[in-house]
Every structure is written in structure tokens, then in C-alpha cells.
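A.B. asks: Handing you this structure, nothing more for now.
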Amino acid sequence: MTRADGQPLAAVIVAVQGTGRSVATRANGRYSLAHVPPGEQVLQFHLIGFAPQMMTVNLAAGSPITVDVVLEALPITLADVVVEGVSRMPDRMIDAPAAVDVVRTATGEPVSLTGQVPLALGRVPGLDVMQSAVTDFNVTARGFNTTQHRKMLVLQDGRDLGTLNLGFQEWGTLSEPLEDLGRIEVIRGPWSALYGANAFNGVINITTPAARDVVGSKLTLGGGELGTARADLRQAGVWLDGRLGYRANLGYSRSDDWTRSRTAKDSSDWKREYAPATSTPPTSPGPEAIPLRGQAKDSVTGQALGRPDPLVTVYGSARVDYYATNGSTLTLEGGAAREENRVLVTGVGRAQAPQVLRPWARLAWGGKGSAVSAWYSGQSLPQGQVRLSKGDLVYDYESAFHLEGRTSRMIHGEAGRAVVGASVQDNRFNSKGTTLEPANDDRSDQYYGAFAQLEYRVGLARVIGAMRWDDGNLFTSQLSPMGALLFIPAKNHVLRLTVNSAFLAPSLSSLFIAAPLGRGVANLTATEAKLRADSSVGHALAAVPVGTLFTNSAAVPESTLGNRRLIPQTVISYEVGYKGQFGRRVFITLDAYNARVHDFLTVALPAVPVGGIPLNPTYQPWTAPSGVPQASRAAVESAVLSALTAVDPNVANGLTRLADGTTAIVNSYGNLGTVDEWGIELGSSVRLTRALTFSATYTWFDFAIRKSLAGDVLVPNTPQHKGTLSLEYAGQGVTLGVDARIVDGYLWASNLWRGYVPANQIVNAKASVRFNAHLRAYANVTNIFNQQRFQIYGGSVIGRRVLVGMTSTF
């Protein structure tokens, strides 16, 4: 199999029509199909970016023949790209009833050197890709992101990649490199109608290729700045005359990080770290107690000494496919990743894990519009995770078991389609008493869901409706409807109207957390002494023993406690969209939305704000001890709150009594808030020549707070304006690309971290050269001009990273 210039073509799918038999060509362009029935057969040859071909051959029993084909390059139009994640069945991207984009393998290959999958998503309009360390990213769409609960569902072949406790994606623990992940579809907007909980702002759907589509061996080596080194080996082949395919990979990566210790007693290291990135000195949350692994702390100044240990990741996976004669496929696969020394920014501070283990397994069958899959995903922190602010250890042992089936059918010939499915999942979590309250730790939670989608074509329009029901023991039953009308005035031009809803389930932490807050205890002795000396209320405290006004005034416990009464946060979104392909050169996508978010899940805040509605009804305003006369109780309680407010409003707003009657300072979570959101997302791609492509995106976002808790700083944590510009050349075995991401400044507020993220412009570049059918070299530069930038307040300041590498296939 060759191209017009005589160069061999790899990964061409060669299929025997009507038999279910197919194979992919190797790096040298060769392929072999065995046990093809004798007689007249039609061979199909297909590769994205080339004109497909069909050839009729006559086969005699026992007589092999050679069929050579030359494929003509044909620039693919984005209108013809097929997606499967939107409707859970194949759709042309232009016809999909959602704002959806596809990240192609060609985009991801050079970026794969970085080990940072989110960097391949940077050109998707409307998407926030915020980096706080080499492998720690927030990826979300349409605002109101936080450092903890991230609102996009990330799936790989239907397997949820998020963690159970906080719900975020750990991008550093994937068991396959980016260039092997295949197609990445990004759905923006609520999509619980087909995916259930946590598809709140969209879905990132990764589909990996079948084993027979990547036959051969591949070795990738790379390295560069930040002491980066990477090696990845993949082997894939077919057995049993093409009926059995296998694929296995093993990889290693090592890199220093931009993360710095912040242990100086005067917070000078925090200010020094942020000085190149902002002219406004940051407000320090106070020194951390523990330096990064590999460093010691000066006993006098608190400054960290030495070099931090690097990030090290070892990963691997294996897959076996059985290709049946009826066209169905049975897949068994599994893998694991181990990441060392990862630093994570959470709402209450930073944490570092010496080791994170993430094993997984999947069994799936699919064919003729139906599919059944079962998967397991786990995580463990065998050495715990240290909270740098205090030095205490947090443990996390979790596993998820999921079973799902679905089927789709055509209705009235080709006029309509229907898909129905159901799923069940069991989640198990154990923090060994370090995160969740003991009574609710070491737990097992179940979730159930069923969904259906029906669509019908009427003239120039397609009408689509979907509904999903979800239930579980952590939230009440949820119905998530979706309705869409697609109008197709001309070929490759589609107008879309969509109304849909989604829900965000409360995280385990927000429901059941029991963790120290701040220093863990507060000394209110001075406040008690001041009140006793106050002539207006001092006499009322005469019967209260000294030091007991706040139970133990010298050590009042400060805690973050969960709220078992939380309900899911919901959103209803109204969207208008347009996708259009003009000839073979220009593609435009434009989406506008207006959404209302109800029962907004707050971050951890003082549980009983003075004069406000209690955030968590479990905790009511503090009451005076029994020794205070009834007539004076109200005056004492008012004086206490006034005195504490003058010193620390957070203490005043968190002062309460626990179930046993003792005084405590409590932060918790609530459902107090209603927010309106508006946005426009524009994307365009223009093929200037057969080899040169220009693309651009622009996103505008705005919001209005309709209801919120007094004192809550509710901001979207996303810029009002952002965009990208990119230029890419691909021809004669050479690929060159440069892109710029331009982001407006924005406020960031998420628990502990509150500050302003300055506007920034970051320019990246990539290049690849194919020397022959077996050898390709890459170069990737992120942040060419080494502009010091932080994208999350509290995250690391990010600089330049230059990497080079090579891939050999054989």
C-alpha cells in the first residue's frame, strides 16, 4: 500500500466487504488477509486523509494473490469527521446535536512528548485548559470551575477516568501515551441525558483503536527541558488468521516540575515564586509546614533546601480483541500506572503523594449497533498523601465496578434511529479515617441509570429527544431530558436548537468530610478574657468557670465537616448552534448558550454566617453555656459574635455547637446559589493550500448571580474573553505548527485560594519530520518565549519546556 509518491502507507484499513474480516497495513505498507472465502470479493481500502478505494478480486481456493493499491491524498473535510460520543452511535460531526469537536491523532502526536494530554485540547473553542503543575490540569467548559470538583466527565472507551472522592481527572496516570489514544471527542454543554451524573459541562470521550488497526512495533524516545526523559514501547499484531488481535505497551517518563516549596516563615518564597508572573504581590495563605519530597527545611528561616524529587511515571497496558465472523468484536484489556511525587492543588491547600497507583480492566463486546461492557477502575495511595500545610497524611483506597449495555436500531428504513441503554455501578472508598468521618468511611455506594434517545428525520429537519433516569444512595432520583431540532438547509450546513439539562452529584468529601481546618484548633482565651472584662456582659459569666466559655477556650476545634443534606446541582441550558463546510477549504462552528444553574454547590465556607442563612442546617449559631442566666443569654451571644468578628470573621461565622454540645468552629458545604450563564463559542478552520491550514477560536463568557450566600465569593474562575490562533503545515513528510493562546485576566476564588490571574498570551510550536516509513522525529515547545504565567491562583508558575524525540516503527 503506497501513496502517489511511492511512499508506503501505514494504518490503512483493508476490509473484505460483507465478511467482517479486516486488517491494517504495517509501517512498510504491507498487509496479509488469510482465510478469505474463495470467489468474487470486494476489497475496501480506507485511511483518513486519502480517497477510499474499492477493488473486486476473484480468489481461487488455495491460491494466494497480491493486491497493491495506490491511495490518492484527499484533504479531509471536518464535516465528514465521524463522532460517536454525542448520540452513543455514529454521527457526522456536523450533524451531531451538540457543540462537539474532535482532536485528531495528528494534533496529539508531537504533544505526546510532554506527557500532558490536556495540551492537545487547547484549541477546542470554549474549553478551559488550566495548568497548575506538569501533570495537574483543570479541564472544563463554561465556567465555575474549582480546584477540586471538575465538571467534565472524562471517558476512555466508556471507562470513567475520574477519581471517586473529589471527581477530578488525574492526567498523569493514564496507562497509554497520547499518540495511542486515537480519537478524542469533546462535547461542550450539559449532557447528562445520555451520560448521567457529572456530565455537567460536557464530556471528553476518548476512543482507542482496535489492536488490528495498529499492527507492528513502535518505539518512542524523547527528552528535554525540566530534566524530561520518556520511553514508550508498543507491540501489536494478529493471530489465528486475523481473528485475534493483540496490543501491549510499556512506558516510562521522568520530569522535574515547576512546583516550588512554600515553607519560608515570612512567606518570601511564595512572593518570590509569583513575582515574575504578577505585579501585584500575592496574599499568602501562610507558610506550609512540609517541603516537597527530596528537600529539607532550614530550622531558622523555614526555607526549603535542596532539589525536589522528580515526577516519575511507569505505565503499561495490554489488549486482546477477538473479531467474529459476524462483524462483532470481543475485547479484554487492562493496565496500570504508577506516578511518584505528584503535587495537587486542592481547595484547602496543596498535597503531595509519594506514590499513586491506578489499575484498571475492561471487558467489552460490540457489534451491529449493540454493545455490552464491564470495567473496573481503582486508585490507591499506599504511602498516603501529605497535606503540605500541616504535614498530616491522607489515605485513599478506591475502586469502581461498572456494567453497561446499549443497543441502537434504525426506524422506518433510514428515517429514524433509536438507542436505549442501562448501567449499574458500585463504588468503594476507604480513607482509613483520614478524610471521611469514621461512621461513613470504608463505604460502598451504588448508582443506577437508564437512558433512551429517539430521532426522526422530517424533510430538511431532524428531531431528537433523549431522557435519562439516574438514582443512587447518595442522591435522590434525577431525570435529565434533552431535546434538539436540527435544520439542514443545504448539504454540509446545519442549524441546531437544543434544550438540555444535567446534574452534578455531591462528592464524597462534600457529604462526609471530617478534617482539621487551618491550625486544627483556635485559642479563644483572649476573647473570653475580653468579654469577662466587659461591664455589659461580664457579670453574666460569673457562673461560667474560667476557660470554659467555649467549652475549652484554649483549644476550640476547627474542622471542615460534610453536609449530608446536599442535593445535586442542576443546570438547564438553551443553545443555538451552526456548523458549516464551505467547499473543501473552510469550516465554521458557532455556538451560543444561556444556562441557569440551580442549587449551586458551594466550596467549604463557615457553616453559620452571622445574620445569614445557615450553610448547613446541621450546625446552628453558637449558644451561651448553661451557666449564663436566661435573661442575659442573647446579650452574651451577640457580644461573642461581635468580638470574634472584629478579630476573624471566619471564626465568628463558623462558631457552633456539635451534636454533643461542645463548641467548635465549622466550615461546611451548601446548596445556596442560583447563577445565570451566557456564552458564545466560535471556531474556524481554513485550508489555505493543500498543505497549509489556519484555524482560530474565540470564546466569550458572562454571568449573573441571582442568589448566593452572604459573604460567599462566587466567581466563575474563567476569563470573559479567550481565543487561539494556529497555523499548521503538513506536506512531504514534514509537519510544522505554531499556535497562540490568548486569555483575558480573571478572578480566582476557590476556598483558600483567592486572587487575580493576569491576562496572558502563550505561544507554542511543534514540528515533525518523517525520514522514511520507519522513522519519525518530533520537536515540541510550550511557551516559546518563556513567559512566566500562572493559570490557577495557588498553582505553580509555568515556564518554557522544549522537548525532542523520535518514533521508530518496524
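The values are calculated or read from the model by the stated rules, or taken from the named source; none is laboratory data. Keep in mind that this is a model prediction, so the values were computed, not measured. Neighbour counts are summed over all protein chains in view; Cβ atoms, including those assigned to glycine, are modelled from backbone coordinates with ideal geometry.
A.B. asks: Has the range 401-408 got any residue that is small (Gly, Ala, Ser) and more than 30 Å from LEU486 (Cβ to Cβ)?
C.D. replies: Within the range 401-408, not a single residue is small (Gly, Ala, Ser) and more than 30 Å from LEU486 (Cβ to Cβ).
A.B. asks: Just checking, does the range 238-252 include any residue being without any contact (Cβ under 8 Å) to a residue 60 or more places away in the chain and among the polar types (S, T, N, Q)?
C.D. replies: No, that holds for no residue.
A.B. asks: So which strands (runs of 3 or more DSSP E) stay within the range 615-701 end to end and still have 2 or more residues that are under 33 Å from the mean Cα position of the chain (by Cα) and within 30 Å of ALA730 (Cα to Cα)?
C.D. replies: 673-687
A.B. asks: Here is a further query. So, restricting to strands (runs of 3 or more DSSP E) that lie completely within the range 248-359, which ones have at least 3 residues that are of a type in the set (Gly, Ala, Ser) and farther than 24 Å from THR220 by Cβ?
C.D. replies: 349-353
A.B. asks: Same structure, new question: In the range 770-810, how many residues are under 30 Å from PRO282 (Cα atoms) and among the aromatic types (Phe, Trp, Tyr)?
C.D. replies: First pass over the range 770-810, keeping only residues under 30 Å from PRO282 (Cα atoms): 781-802.
The next check asks that each one be among the aromatic types (Phe, Trp, Tyr); those that pass are 785, 790, 793.
Selection size over the range 770-810: 3.
A.B. asks: Looking at ARG409, ARG362 in this structure, which one is within 25 Å of THR208 (Cα to Cα), crowded, with 20+ Cβ neighbours inside 10 Å, in the same structural domain as TYR322 (by TED's automatic domain parsing) and charged (D, E, K, R)?
C.D. replies: Details: ARG409 fails: crowded, with 20+ Cβ neighbours inside 10 Å.
After ruling out the rest, the residue left standing is ARG362.
A.B. asks: I've got another one for you. What are the residues in the range 178-205 that are surrounded by 23 or more Cβ atoms within 10 Å (Cβ to Cβ) and either in a loop (DSSP other than H, G, I, E, B) or not assigned by TED's automatic domain parsing to the domain that holds ASP91 (or both), if any?
C.D. replies: Matches in the range 178-205: GLY189, PRO190, TRP191, GLY196, ALA197, ASN198, ALA199, PHE200, ASN201.
A.B. asks: Between ASP256, ASP241, ASP213, ASP266, which is modelled with pLDDT under 95 and under 26 Å from LEU161 (Cβ atoms)? Walk me through how you get there before you give the answer.
C.D. replies: Details: ASP256 fails: modelled with pLDDT under 95; ASP241 fails: under 26 Å from LEU161 (Cβ atoms); ASP266 fails: under 26 Å from LEU161 (Cβ atoms).
After applying the criteria, what remains is ASP213.
A.B. asks: Quick check on this structure: which one of THR645, THR697 is surrounded by 23 or more Cβ atoms within 10 Å (Cβ to Cβ) and polar (S, T, N, Q)?
C.D. replies: After applying the criteria, what remains is THR697.
A.B. asks: Kindly establish whether VAL394 is at pLDDT below 95 and surrounded by 17 or more Cβ atoms within 10 Å (Cβ to Cβ).
C.D. replies: yes
A.B. asks: Got a number for residues in the range 128-149 being assigned to a strand (DSSP E or B) and under 11 Å from the mean Cα position of the chain (by Cα)?
C.D. replies: Residues meeting the conditions: 8.
Here's the yes/no breakdown for (1) of a type in the set (S, T, N, Q); (2) closer than 30 Å to ASN28 by Cβ:
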position: ALA691; (1), (2): no, yes
position: SER695; (1), (2): yes, no
position: PRO719; (1), (2): no, no
position: GLY723; (1), (2): no, no
position: LEU747; (1), (2): no, no
position: ASN751; (1), (2): yes, no
position: GLY755; (1), (2): no, no
position: ASN772; (1), (2): yes, yes
position: ASN780; (1), (2): yes, yes
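A.B. asks: Now for a different question. Does ALA466 fit the bill of being buried (at least 19 other Cβ atoms within 10 Å of the Cβ) and in contact with a helix residue (DSSP H, G or I) (Cβ under 6 Å, 6 or more places away or on another chain)?
C.D. replies: yes
A.B. asks: To continue, here is another question. For the range 649-693, name all the residues that are more than 30 Å from HIS721 (Cβ to Cβ), among the basic types (Lys, Arg) and at pLDDT 90 or above. Can you show your working first?
C.D. replies: Within the range 649-693, the first condition is being more than 30 Å from HIS721 (Cβ to Cβ), and the residues that meet it are 649-671, 689-691.
Now narrow it down to the ones that are among the basic types (Lys, Arg): 657, 690.
ARG657 - this is the single residue of the range 649-693 that is more than 30 Å from HIS721 (Cβ to Cβ), among the basic types (Lys, Arg) and at pLDDT 90 or above.
A.B. asks: I need the full set of residues from the range 743-793 which are among the aromatic types (Phe, Trp, Tyr) and surrounded by fewer than 21 Cβ atoms within 10 Å (Cβ to Cβ), in order please.
C.D. replies: Correct list: TYR756, PHE771, PHE785.
A.B. asks: Can you pull out every residue in the range 77-91 that is buried (at least 17 other Cβ atoms within 10 Å of the Cβ) and charged (D, E, K, R)?
C.D. replies: ARG88, ASP91
A.B. asks: Look through the range 707-742, keep the residues that are in contact with a Lys or Arg (Cβ under 7 Å, 6 or more places away or on another chain) and of a type in the set (A, V, I, L, M, F, W, C), and return whichever of them is surrounded by the most Cβ atoms within 10 Å (Cβ to Cβ).
C.D. replies: Checking each candidate, the answer is ILE742.
A.B. asks: Go through the residues of the range 439-447 one by one and say whether even a single one is free of Cβ contacts under 8 Å to residues at least 12 places away in the same chain and in the same structural domain as GLY366 (by TED's automatic domain parsing). Reasoning before the result, please.
C.D. replies: Residues of the range 439-447 free of Cβ contacts under 8 Å to residues at least 12 places away in the same chain: 439.
Subsequent filtering for residues that are in the same structural domain as GLY366 (by TED's automatic domain parsing) retains 439.
Yes - at least one qualifying residue is present in the range 439-447.
A.B. asks: Further question: Which pairs have Cβ atoms under 6 Å, sit 6 or more apart or on different chains, and link a residue in the range 269-281 that is under 16 Å from ASP744 (Cα atoms) to one that is polar (S, T, N, Q)?
C.D. replies: ALA277/GLN788
A.B. asks: Cβ-Cβ below 8 Å, separation at least six or inter-chain, first residue in the range 565-593 and under 30 Å from LEU511 (Cα atoms), second of a type in the set (Gly, Ala, Ser) and assigned to a loop (DSSP other than H, G, I, E, B): which pairs?
C.D. replies: Here the result reads LEU566/GLY670; PRO568/ALA197; PRO568/ALA505; SER573/GLY189, each pair linking the range 565-593 to a residue that is of a type in the set (Gly, Ala, Ser) and assigned to a loop (DSSP other than H, G, I, E, B).
Matching residues to (1) under 44 Å from the mean Cα position of the chain (by Cα); (2) buried (at least 20 other Cβ atoms within 10 Å of the Cβ); (3) in the same structural domain as ALA98 (by TED's automatic domain parsing); (4) aliphatic (A, V, I, L, M):
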| site | (1), (2), (3), (4) |
| --- | --- |
| LYS530 | no, no, no, no |
| SER535 | no, no, no, no |
| ALA540 | no, yes, no, yes |
| PRO545 | no, no, no, no |
| LEU549 | no, yes, no, yes |
| VAL556 | yes, yes, no, yes |
| PHE582 | yes, no, yes, no |
| ARG585 | yes, no, yes, no |
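A.B. asks: Can we say LEU226 is surrounded by fewer than 22 Cβ atoms within 10 Å (Cβ to Cβ) and either in a strand (DSSP E or B) or touching a Pro at 6+ places or on another chain (Cβ under 6 Å) (or both)?
C.D. replies: The answer is no for LEU226.
A.B. asks: Show me the strands (runs of 3 or more DSSP E) found entirely inside the range 1-77 where at least 3 residues are modelled with pLDDT of 70 or more and not aliphatic (A, V, I, L, M).
C.D. replies: 39-46, 53-59
A.B. asks: If you check ASN249 against the conditions, is it on the phi > 0 side of the Ramachandran plot and either at pLDDT below 95 or surrounded by fewer than 24 Cβ atoms within 10 Å (Cβ to Cβ) (or both)?
C.D. replies: When the stated conditions are applied, ASN249 does not pass them.
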